[in-house]
Structure formats: structure tokens, C-alpha cells
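Just so it is clear, none of the values below were taken in a lab; they were calculated from the coordinates. Not measured: the values here are computed from a predicted model. Positions of Cβ are backbone-derived with ideal geometry, glycine not excepted, and every protein chain shown enters the neighbour counts.
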Amino acid sequence: MVDDDCQSHPVAAAVRLLRVAAGLSLAQLATAATVSKAYVHRIESGLNDPSPAVVVSLDTALGAAGYLIALARSEDDMHRRTVLAAITALAAGAGEWGRLLDGSDITPPNRVGTGDVQAVADAVGWVTSIDTAQGGQAAAGPGRAVLGWAVRLLDGDMADDTRQRLAVQVAALADRVGWAHHDAGRDDVAARLYGVALKAARFGQDSNVEAHVMIDEAARRAAGRDFGSAATLLAGAFDFRLLPTVRANILLVWARHTAMTGDHQAALEAIGRADDALSSARSLEVPDWAAGFLPGAHLSNVKARSLLAAGDYEHAIAAFDTAVGRLGPQRARGRSHSRALLGLAYLRAGYPDMATATGEELIATPPALASARVSRDMSALAAELRQCGHGDLGRELATLATRVTPVATLDAR
């Protein structure tokens, strides 16, 4: 149970709870977090709100696996209560993800029903909302705890159709948590979570969620520059029965990876097929688990990235511009990601003034997130700006890229 004091000073309560559970004195925690003992005391007393950098240091020192970061950034009372509950479990020794996923010490309810399936679906939306607004580092820790609970539900007693629907939602949740880890730079963990997601998707017989897991696993491979393997993986989903939105997503991402292998013509043809899939569809239905990220702006961003990779810079600019215009404040990562790549498209299309203006916009409105992908894109723009003679702006962007780089605090198990 989360009490009123936790609600009024959530970070203070969480720091105190985790410190006591870890057996650390104020001085020991202060040393580990490289802050003063007095400062830790003021934080625990609710007299000081720690800066984002100090929250990261405390999260690391307390082994909170991203929970404190998520708690400090959350502006929603329900989200805060959920994260505080997870922190309470962690402090009590019941929230460690490896044990949860293995199923030890966690007993499923006597009977799993529709309400439990909906709870997992709600968790998918919650993890997605943190991830898209604040970056993968904030979402990964809480997401792992919730995923452990959701996976354990599959061992409960339930009707066959309920188990199938639950498996689909577990697959979607494992995929979203895997994506958060990928965005946080933890591809080792992401690979294992995608394995869980694929197994659950196949059990649930949902080709749309299975295809999306394959998209995200392909992105993980491409981040390691294994573009051929990424494209081959996605080609295996071409024969799936898919919603037009998911099919378009598959084609667009396949196009990007294929372009990176050097086959620009095949990539551009696939982009055309994606456009046809969307324009000829009777309905642009989006699966419930994808409602928080797939509609509209996401597909514009994915298309723009594919066009950029294929060398069609003019059309890439138009698509990135559309994506930036559609992405609101709750999609901070996508907006920053699109802006950085828009700057690259401007440079490569021969519009250096537009590229510098885009870089200046990024610096003027720095994103409050931690994302390895955004950091990588900003670094790429910074490097190309420096090559074009805009050294000062490039250095400022490189500094900003460092600020949004996730710290290596997420548990690797």
C-alpha cells in the first residue's frame, strides 16, 4: 500500500525506502552517489527535489534499475503509484526481474480472467507512454517488473481463449519492454525479451504482434550494422496475414535495411508498395497494443528514414517535416529523433542553412529524455555539420547528444 506521504513526496519516500532496505547509512549513500550527506537528508525529508543528474546517481547507487528515474519524471498520479508499488516490492526483495520471470516466489491468482488480460493491456500502454515521452531508460526498469508479473499470469488457471488473449498482450508487453532496453542501449537484454515476445505471440496466434516483434528485433540487428540479417528476418513476415498499417510498417523498415545494404532501387520499390498498402486499405486499423505509437506520425517517420537511407532526400525532408508536425509533447523522443534526421536530410540535399536552423532548434529545446537512438542521431548530425564547416554548432549538438545518452545502470540479467 502506498501511503499519503509517498504520494506527496514520492522520490523522497522511494530514496529512503531503498536506502534502508539496502542497509546504507546517509553517509554511505551520499558517497556512492557523489553528493553530500546533507543533500541526501534534504532529499529524503522532502526539502529538496533532486536534479535529473542526481536522480540518475541515486538510481545507480541504490540499484533501482531505472525506477527512481521513471518516478521522478512521471507527472501522472496513477503512474507514480504504480512505480512506487514496484519500488516497494524491490525494497522487499520481491521485485527483482530475473526471479519474477523465472516464476519463483510469485503465485498467480487462483483464476485468471478478462480483468487480468485488460490489466496487462493497460501495462502495455503505460510502458509505451513512458518510453515515448522520456526514453527507454525511464521505461525499462518499471517495464521489466510489470513484465515479470504478466508472464507469471500465463501459469494461472484460465479458459483457453483467455490464455490466448493473455499471450498476445504479454507478447506486446515483452516487445515494448524490449524496445525500451534497445533504446537504452541494452541490446543484450532486448534480444532476450524479443525471444519471450515471439514465443508468446506465436502461442497467441497473432501475426500482427509477431511481425512487430520481428521489426524491433531487426532494428536491434541493424544497430549493430547487420543490415542483411535484419532485412532477411523481415522478409520472413511478407506472407503473414497483416493489417495494412502493420504491413506498411514491415515494408518500410525492410526498405531501410535493404537500402543500407546498397540496394536503393529495391528499397524505393518497397516504399511504393507500403504507400499502396495504406492507400488501398478500407480501414487503417491499428492493433490496440500499438495505439500509443503506430498511427500517423510513426509511419511518416519510418518512411522518412527509409527514404533518407535510399538517397531520396527531397521526399525524406517532406516526410520528416510531417512527422515533426504531428508529434506532440508526449512523443518527445520521436520528435527529437525526427528533427535530428531532418537535419541530416537537409545537409545531404544541399540545404545547409535549413540544417543549421534544425540543429539550433534542437539545442534551443533540449529533450528531457535518455535515449541511445536519439543520442546516436544527434551525434551523426553533429559530425556532418562539423564536416560542412559548422564546427561550433556541431560541438554544441555533440554535447547535447552526450546529455541524452543513457547511463549504463540498467541490470544486464
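Calculate, for Ala380 and Gln164, the FRET efficiency according to 1/(1 + (r/R0)^6) with r their C-beta to C-beta distance and R0 45 Å; round to the nearest 0.05. Calculated value: 0.60. Shown in residue order for region 287-296 are the 3J(HN,Hα) couplings computed by the Karplus curve 6.51 cos²θ - 1.76 cosθ + 1.60 at θ = phi - 60°: x, 4, 6, 9, 4, x, 8, 7, x, x Hz (x for Gly and Pro). Placing pseudo-labels 7 Å out from each Cα toward the beta carbon at Arg225 and Gln330 gives an inter-label distance of 3.9 nm. Take the Cα of Ala291, step 7 Å toward its Cβ, do the same at Thr365, and the gap between the two points is 2.7 nm.
Across Asp155, Asp239, Asp216, mean-square fluctuation computed from a Gaussian network of the chain (C-alpha pairs under 10 Å connected) peaks at Asp239. Karplus-based coupling profile of region 46-62, in residue order and whole Hz: x, 8, 10, 8, x, 5, x, 5, 5, 4, 4, 5, 5, 4, 5, 4, 8, with θ = phi - 60° in 6.51 cos²θ - 1.76 cosθ + 1.60 and x standing for Gly or Pro. Estimated from helices alone, the mean residue ellipticity of the chain at 222 nm is -23000 deg cm²/dmol (sum of -39500 (n - 2.57) over DSSP H runs with n ≥ 4, per residue). With the simple model of a label 7 Å out from the Cα in the direction of the Cβ, Lys199 to Ser36 spans 5.1 nm. Look at the alpha carbon pairs under 8 Å that are at least 6 residues apart: their mean separation over the length of region 331-403 gives a relative contact order of 33 percent. The phi-based Karplus calculation (6.51 cos²θ - 1.76 cosθ + 1.60; θ = phi - 60°) puts the 3J(HN,Hα) values of region 361-375 at 5, 4, 5, 5, 10, x, x, 8, 8, 10, 8, 5, 5, 5, 4 Hz, whole numbers, x for Gly and Pro. Maximal additional length on extending the Asp276-Thr261 stretch stands at 3.0 nm, based on 0.36 nm per residue less the C-alpha distance.
Using C-alpha pairs below 8 Å separated by at least 6 residues, the relative contact order for the chain is 12 percent. For region 331-403, what class follows from the C-alpha gyration tensor (a ≥ b ≥ c being the square roots of its eigenvalues): rounded when a/c is under 1.5, otherwise prolate if a/b is larger than b/c, else oblate? Prolate, since a/c reaches 1.5 and a/b exceeds b/c.
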